[in-house]
Amino acid sequence: MSTASVIAEKTSRPVAVGTLGRVFSFPVVLASFLAVLAVLTVRGRFNDPDTWWHLKSGEVIWSTHHIPTTDIFSYTTHHHSIVPQEWLSQVMIYGAYRLGGYSGMMLWLCLFTTILLVVGYVLCSLYSGNAKIGFVGAMILWFFATGGLVVRPQMVSYVLLVLELLLIFFGYTRDRRWFFVTPVLFALWVNCHGSFLLGLIVLGVFWVCSFFGFQAGSIVCARWTAAQRRGLGVTLLLSGAAVFLNPIGVKQVLYPFDTMLRQPLVVTQIDEWKPLLLSDPRGVALLGILGGIALLLIVQRSERIYLHELALVAMSAWFALSHRRMSFAFGIFAGPFVARLLSNLWGKRDAERDFPAPNAVLLAVAAVVVFLAFPTRTVLARRVNEGNPVAAIDYIRTHNLQGRMLNSYVYGGYLIWAMPEHPVFIDGRSDLFEWAGVFREYGLWAMLQNDPNTLLDKYDVSFCLLERDTPMAYVLPLMRNWTKVYLDDKSVIFVRTTAATPSKL
């Protein structure tokens, strides 16, 4: 029996239920629980440093109706060219801000997180044929996603990745015309985030596997029909062409390759690009899932792994172990796979035995919890103040500090948003600063690996805004011509007392 036949047989047993039964069904209740979980997970996540330069970029595009292709926020890059590969997501984020300020941005995050989890639940339920086990798959997705649920363009990309898997599932098991929605998705994706390349790889994996039909132990590959292969092949070609529908052109399409090949400092020095360690709970869970799959196949010899599942889970596991930010993708691929393997371990839902009235009560409770859990404007403003140098910025303005500023890496994004009159030294756009050579220079300076005066004098820095516990915050007070003028529980400001001769230790 083919893969499509097995999955279709699991998911094509309709039960006659009324509209009330569908609306107040047990799967809908589980989906509402995921919405509650989404809000509870992200309600405290409003301090990501990169949120702010994305927000400012969105404001610039919104206000000028122009997508900048050179840097306009930093003085150190000398207007270096950039690839605005997330411009549409940035406009979405700023649109949310215009509609509701910080509350609008938090609503944006809650909505995208909820969509991610609920669509993931639908995918896991359909793929496994078991709505109860589908919830387990959605929880796997949630767990691995927790490290990346922030107000950043990557949220859009992960939702699009789950939607892509759902479209492939529908095209394979129901009607191949679903495949042809995928190019539209890629035309949107390429303008939202550079991870569209991962989406193209996924399509390619399914297409290659569709040509083979074999069984080798527990590994099975079912050959697709000629019509299905042709439909997916055309979809792959159209999707590849769709990524050129962007305002930048080839540079935008090639950007993911640039990240992999021309940004060695970014992928080795930035925390989210570092390998996933066993000290990280997600690292333990990843190995646990892989070990559990192997054990399940030993215990239940009748279980099978389809080749496309093996390829996607193995690929995403390797990506995650190489770069912790990719554990998000591992959860998206592993959730449906694990749900299918576990589908026979728990009785399937009987729609005729649903209880609409209790389910309606549970849905109402979920709605109330979501409402109460959503942070107020005051809470959001307090979190912004706690995570950013708000008071230090007030000092700079009230004391009219002039000249070039050197700022901590993590402060750059917020400074772009909150103090645009002072161009930053560096910020979270690590690709740009690696291209310009500034990332390496700053890293050597911040870690005291060369003469501190070299960088300060090269860029004619007049004052420094640093985190108070960084190494340089202890060195600058020992240097001639530098004076500490401000200190709080997060930040410290040093001012150059003479602008003429280079300072010495």
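Read-outs throughout are calculated quantities, based only on the coordinates presented, and are distinct from any laboratory measurement. Everything quoted here is computed from the prediction, not taken from an experiment. So basically every Cβ, Gly included, is an ideal-geometry build from the backbone, and we count neighbours across all protein chains shown.
Structure notes:
- Most positive-pole-ward Cα, ASN400, LEU444, GLY413, against dipole of the stretch 388-496 from beta carbon charges: ASN400
- Order of VAL475, VAL162, VAL28 - criterion: other Cβ atoms within 10 Å of each residue's Cβ, fewest first: VAL475, VAL28, VAL162
- Using C-alpha pairs below 8 Å separated by at least 6 residues, the relative contact order for the chain is 21 percent.
- Our summary gives the stretch 388-496 a relative contact order of 27 percent, counting only alpha carbon pairs under 8 angstrom and 6 or more residues apart.
- With coordinates expressed along the principal axes, the C-alpha atoms belonging to the stretch 388-496 extend over 34, 32, 24 Å, beginning with the largest.
- Listed residues ASN481, ILE426, TYR459: farthest to the positive end of the dipole of the stretch 388-496 (Cβ charges): ASN481
- Antiparallel bridge percentage (DSSP; both residues within the chain; nearest 5): 65 percent
- With the simple spin-label model, which puts each label point 7 Å out from Cα in the Cβ direction, the LEU107 to LEU238 separation comes to 3.5 nm.
- Arranged from fewest to most other beta-carbon atoms within 10 Å of their beta carbon, TYR409, TYR306 become TYR306, TYR409.
- Per-residue Cβ neighbour rank within 10 angstrom, fewest leading, PHE170, PHE319: PHE170, PHE319
- Placing +1 on the Cβ of every Lys and Arg and -1 on the Cβ of every Asp and Glu, with no other charges, gives the chain a dipole of roughly 1060 debye about its Cα centre.
- Nearest-20 debye value, the stretch 388-496 charge dipole, Cβ charges on Lys, Arg, Asp, Glu: 240 debye
- The residue among GLY213, THR182, LEU287 whose Cα reaches farthest toward the positive pole of the charge dipole of the chain, with charges on the beta-carbon of Lys, Arg, Asp and Glu, is GLY213.
- Residue pairs, from the table LYS56/LYS458; LYS132/LYS274; LYS251/LYS490; LYS274/LYS484; LYS251/LYS484, whose Cα atoms sit over 32 Å apart: LYS132/LYS274; LYS251/LYS490; LYS274/LYS484; LYS251/LYS484
- Listed values [x] 1.02; [y] 1.26; [z] 0.96, entry calculated as Rg/Rh (Cα atoms, Kirkwood Rh): [x]
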